1. Picking from 432, 385, 400, which residue would you name as being out of contact with any Pro (no Cβ under 8 Å at 6 or more places or on another chain) and under 26 Å from residue 194 (Cα atoms)?
2. Which condition does residue 350 not pass, out of (1) among the charged types (D, E, K, R); (2) farther than 18 Å from residue 131 by Cβ; (3) under 23 Å from the mean Cα position of the chain (by Cα), if it passes all the others?
3. Looking only at region 118-131, which residues are assigned to a helix (DSSP H, G or I) and either polar (S, T, N, Q) or under 23 Å from residue 322 (Cβ atoms) (or both)?
4. Being closer than 23 Å to residue 33 by Cα and assigned to a loop (DSSP other than H, G, I, E, B) narrows it down to one of 413, 405, so name that one.
5. Taking the conditions exactly as written (assigned to a helix (DSSP H, G or I) and open to solvent by less than 10 Å² (accessible area, probe 1.4 Å)), does residue 398 satisfy them or not?
6. Just checking, which of 403, 392, 363 is more than 25 Å from residue 77 (Cβ to Cβ), among the aliphatic types (A, V, I, L, M), open to solvent by less than 70 Å² (accessible area, probe 1.4 Å) and modelled with pLDDT of 95 or more?
7. Being small (Gly, Ala, Ser) and assigned to a strand (DSSP E or B) is the filter here, so list the residues in region 93-116 that pass it.
8. Residues in region 303-343 that are within 28 Å of residue 400 (Cβ to Cβ) and acidic (Asp, Glu): how many?
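The values are calculated or read from the model by the stated rules, or taken from the named source; none is laboratory data. These numbers come from a predicted model, not from an experiment. Cβ coordinates were reconstructed from backbone atoms using ideal geometry, including for glycine residues, and neighbour counts include every protein chain displayed. Just the protein is used for accessible areas: all its heavy atoms, side chains included, with ligands, DNA and RNA removed. Shrake-Rupley method; radii C 1.70, N 1.55, O 1.52, S 1.80 Å.
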Amino acid sequence: MTAITELAAALAPGKILTDPDVTDSYARDRTFLEPGKPLAVVLAETRDDVVAVMRWATRHRVPVVPRGAGTGLAGGATSVDGGVVLALHKMTAIRELSPADEIAVVEPGVITADLDRAAREHGLMYAPDPSSYEISTIGGNLATNAGGLRCVKYGVTRDSALGLEVVLADGRVIDTGRRTVKGVTGYDLTGLFIGSEGTLGVITAATVRLRRAPASYPATIAAEFTSLRDAAAAVSAIIAAGCQPSLLEMLDRTTLEAVEAWRSIGLEPATKAMLIGQADSADADAVSARMVELCEANGASFVAASSSPEEAQELIWVRRMAYQAKEKLGKCLVEDVCVPRSALPFMIEKIEAIAARHDALIATVAHAGDGNLHPVFIFDHALPEPPPNVWAAADEVFREALAMGGTLTGEHGVGLLKRRWLALETGPVTEELHHGIKGLFDPLGILNPGKAI
């Protein structure tokens, strides 16, 4: 019996795919990276399926790459040669939704927006909302500690995760964390697994925190600026004034032009940046009015508050569709550096200067309220990977962010794309500790090898 025949025998019929034309569609994420050739793809539907795969992989020392919806932007879910892709998108059960405790227990294949919609039927919401929330999965969000548009107020995925069910590399199952809001028993293993990009274990369920949904649709503003620096200054002023927006997003001219080319948004020639803000508090209208004042005081050429939820959704659509618009211009190297909020204006200026110096097309959006920038380096569709000038520009962006007290990645993860810069941020002692933790949880090195650390 071959190893793959043995694996197939351990699973129900139809759960293992070996046709190369089929497995190739599961081998890549949303990056330009060329994946390895997987031995097989397993369509897991239960925790027992995952257990069976990991026990088999340990016996045969076969690499396993966990995969959600494949929406990752750092290469974290790209397959490796001779490995197995463990696809979790069919594990879609919301095992429990408790309005009384304001929690849900969900499997990794649940679409982020579907959980939010289920919660809202009970007057609750699931706060994390990455731009890909209609297609990304909870498991992928946990694996990268995803953020999203509302993270300025509600935090990233880790801030909404209370506990996990995890299958370890050898097939053992552990439960981490709790169902309670508070709990400090032992080390924080829940926090350790979140953001580990599938290198320490496979998450098969999560207990997540729900929050009370706003009583009415958030008040929304949009402001246009003739300079990125003015837009960034307005962000700083809004945060300093204590407005506590639930969303504060910034788009540069290149991004707006990409969206305009796809679907007309009435972009004015002088507009160099757009700021979109929302407030969902009880005094949302007053907060919205204050944000309008602060934008005008910081040089906005045009500011308006939405007059209806439909109009607000149109504005949010511009932000959510930004990446798809850029993909139409070329292949994308997407980065997500994060700097202290006070450094945001300076980082934006640095990105503009770097783009000019290296003759690189960089389109930047930002979760501006928490200093998380997404400079997207766009290059020719015909090229297999970024040309040297783009890599050089990316290198400068990373080094500038670190020099400002920032980080290489705020929410996308390290994956494969950022490993070349990882040592700049971590240093040798931290790197040694990371590898020690990896060796403890995955002594054979079979879980998503080559990623994250």
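1. The conditions single out 432.
2. So residue 350 meets the others, but not (3).
3. Matches in region 118-131: none.
4. 413
5. So residue 398 passes the test.
6. After applying the criteria, what remains is 392.
7. Matches in region 93-116: 98, 104.
8. Residues in region 303-343 being within 28 Å of residue 400 (Cβ to Cβ) and acidic (Asp, Glu): 3 in total.
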